[in-house]
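Structure, as structure tokens:
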Amino acid sequence: MEWWLTLLMIMGPLLVLMMLGMPVAFAFLVVNLIASYFLLGGMSGVEQLVISTTGALTSFTLVPIAMFMIMGEVMFRSNIANDLLDTLDKWFGKVRGRLSLMAVGGGVLFSTLTGNSMGSIALLGSSLVPEMEKRGYKKPMSLGPILGSAGLAIMIPPSSLAVVLGVVAELPIGRLLIAIILPGLLMAVLYTVYIIGRCTLQPDIAPSFESEPTTLRVKVEAGIKNILPIGFIIFAVVGVIFLGLATPTEAAASGAVATIILAIIKRRLSIKKFKKSMFESAAISVMVLLIVAGAVSFTQLLSFTGATYGLMDAVLGLPFSEKTIVLAMVLAVVVLGMFMGPLPIMMVTLPIFVPVVIEFGFDPLWFAVLFLIAIETGSTSPPLGAALFVMKAVAPEGTSMGSIYKAAVPFLVCDFLAIAIVFMFPAIVTWPVGLMFN
């Protein structure tokens with residue numbers, strides 16, 4: 001059977017089931033079982049697929065997903081995030097557009113704590129947007145910064161999506177978590193420059209307002225009390241990896257323990273909240289692991305049937321430069337992000353894209369970072385980016401989808417600029433990885 005026909009027989013039903021609303025994990029399960037039975041020799045093919053999937057799911061590389069989920073749940077339920085916002089408010093003082101800058105600063109800090117972009121949008125949107133509008137901020141400067149900065153959860157460790165990508169693409173998790181740091185900070189800088197620039201050119205878009213004067217001593221005390229402990233958590237996750245003191249799995253566990261200890265010290269973690277955090281994180285982790293299981297099986301199915309190699313040969317034979325093809329892959333991920341969630345995009349495209357990138361001789365970590373930025377960009381892209389609808393749910397009554405779309409566009413431009421910079425200067429990704437591992 002021709003490779004393209006095999007690929008069509010596998011991909012077609014999968015996409016149809018997803019469009020019909022079947023959960024991603026079950027869509028993969030149905031397609032994997034049926035396709036392995038008919039294409040891999042009946043029950044023996046199904047048994048081989050089950051054995052391969054079991055081996056993938058018992059890997060220690062998946063443990064960080066559960067640990068990062070625990071960090072996020074404990075952080076939000078203990079209200080430590082609100083302490084961060086209060087401290088940032090004191091630090092920014094009377095700076096024009098300070099609430100928008102707080103959204104970016106909060107997005108960066110929450111990213112290092114939770115790895116959950118939708119949770120960051122919900123928290124920042126519900127807490128900052130009403131205050132912004134009360135102060136006379138226009139929607140491009142109240143909604144946009146939150147949409148942009150919340151997506152940094154994908155790009156700054158801990159990032160559960162980065163872990164999933166590493167597992168599916170068979171990339172070293174530790175190197176990937178280090179590789180995304182500078183690109184994530186680059187995106188935050190681009191957002192900040194845009195906010196300051198627009199607020200300077202259009203002062204009415206973010207009117208200045210009087211705030212209670214805060215002494216340097218109060219700012220320092222707030223920083224020591226609310227920011228410094230977060231630094232220890234960040235070190236527990238990223239620092240121990242960078243210094244070679246722990247593996248990614250061990251670092252994820254130490255980060256979860258550090259988060260729980262901080263919540264206990266602040267007396268914000270009751271037995272009830274702790275139990276709820278554990279149950280919620282377990283439920284989310286199981287869902288993610290089911291999807292990963294389906295994705296691993298799907299990848300192996302494409303490989304066993306020869307569809308991956310056939311498609312790879314076809315792509316390698318295209319009359320375009322190698323970088324042009326890679327850029328087309330990245331832009332395809334952005335387009336898919338307008339209609340699909342991050343996990344389905346990863347599961348469908350990575351088994352096809354990564355072998356091509358490796359065959360071209362490019363660093364797969366570099367492509368993985370571009371892939372993650374593209375997913376973040378797609379999630380905030382009209383018309384159906386998931387982040388847009390989360391914002392609609394928490395935005396003040398009367399906020400139209402049109403205004404959310406318009407607010408998102410400038411930050412999408414920043415995202416595309418970040419893609420271009422990382423694409424042209426791979427050292428942004430490879431330098432910190434080489435510094436740590438070489």
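What the phi angles of the range 278-290 give under the Karplus curve with 6.51, -1.76 and 1.60, with θ = phi - 60°, is a coupling list of 5, 5, 5, 5, 5, 5, 5, 5, 4, 4, 5, 5, 4 Hz, glycine and proline written as x. Each of M391, M424 was scored by other Cβ atoms within 10 Å of its Cβ. Arranged with the fewest first, they read M424, M391.
Exceedance of the 25 Å cut-off in Cα-Cα distance is limited, within the set K90/K139; K90/K266; K90/K275; K138/K266, to K90/K275; K138/K266. Compute the signed sum of charges (Lys and Arg +1, Asp and Glu -1) over the other residues within less than 14 Å, Cβ to Cβ, of Y309. So the environment of Y309 carries a net charge of -3. Cβ crowding within 10 Å ranks I261, I195 as I261, I195, fewest other Cβ atoms first. Sites listed here are trypsin sites (Lys or Arg not before Pro) in the range 244-277 whose DSSP assignment is loop and whose Cβ has at most 14 other Cβ atoms within 10 Å: R267. What is the range 187-259 by shape, rounded, prolate or oblate, if you read a ≥ b ≥ c off the alpha carbon gyration tensor as root eigenvalues and call it rounded for a/c under 1.5, prolate for a/b larger than b/c, and oblate otherwise? Because a/c hits 1.5 or more and a/b fails to exceed b/c, the range 187-259 counts as oblate. Taking Cβ atoms as reference points and 13 Å as the exclusive limit, the residues near V356 contribute a net charge of -2, counting Lys and Arg as +1 and Asp and Glu as -1. What the Kirkwood sum gives for the range 349-438 is a hydrodynamic radius of 15.1 Å, with every pair of different alpha carbons counted. Loop sites by DSSP among the GluC sites (Glu not before Pro) of the chain, restricted to those with at most 16 other Cβ atoms within 10 angstrom, leave 211-396 as the longest stretch without any of them.
Only Lys, Arg, Asp and Glu carry charge here, each on its Cβ (+1 for the first two, -1 for the last two); on that basis the range 3-437 has a dipole of about 1360 debye about its Cα centre. Annotation: average projected area of the chain is 22.1 square nanometres, based on the convex hull of Cα atoms across all directions. For the range 391-420, chymotrypsin sites (Phe, Trp or Tyr not before Pro) are listed when DSSP marks them as loop and at most 12 other Cβ atoms sit within 10 Å of their Cβ; the list is empty.
Each value in this text was obtained by applying a stated rule to the coordinates, not by laboratory testing. Only a predicted model underlies this, so the values are computations on that prediction, with no experimental measurement involved. Glycine gets a Cβ as well: all are built from the backbone with ideal geometry, and neighbour counts include every protein chain shown.
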